[in-house]
Structure formats: C-alpha cells, structure tokens
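Throughout, read-outs are computed from the coordinates displayed, never taken from laboratory work. Please read all numbers here as calculations on a predicted model, not as lab measurements. With ideal geometry, Cβ positions are generated from the backbone for all residues, glycine too; neighbour counts draw on all protein chains shown.
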C-alpha cells in the first residue's frame, strides 16, 4: 500500500467535506459511515494495486533477458503487463 492509513483517512475526510458542501448531493447515511466506506474502498483498491505490481515484477524477473528496472524498456514492459493484468482482474 502506497498511502498511509492517516493519508487515506485525510482523503476520505476531504471527500466527505466536499460532498457535504454540494447542494445537489444528499447523503442517505451518516457522514462518518460514508467516510468509513470510502476508506475501505480506497484500501481495497490499493491492495489490488499491490498484488498486480508484485505479479508484474515477478513476470519481468522471469524473462531470460531481464530488463533493468528504471530503464525505458523496463518501464514500457511494466506498463503493458500492468495494464494487461488490470484488464484481466477487472474483466474488461
């Protein structure tokens, strides 16, 4: 996970504050309940990102000619593999 729990909580508070400031949006649940759900969704998404990152890195390390991390070749391969893995997991 790339964001700390404190950062995720801060983002959720900012989001709920922004929503509450909108006249066109009405929360049907308590603001804190919605905020906690937002925290869960962000945390779950970051966990998926970590799993995909690990899988992509494992794939890149399995190449017979391993690209050097940080090189243009590595970046391009990483992005392609990441997008492919994301599509598989999202069902696109």
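In the set (1) 69, 48, 21; (2) 56, 29, 19; (3) 36, 30, 20, the label that goes with Cα extents along the principal axes in Å computed for this structure is (2). Extending 7 Å from Cα along the Cβ direction at residue 64 and again at residue 18 yields two label points whose distance is 4.9 nm. Computed per residue of the chain from DSSP H runs no shorter than four, each worth -39500 (n - 2.57), the mean residue ellipticity at 222 nm is -25000 deg cm²/dmol.
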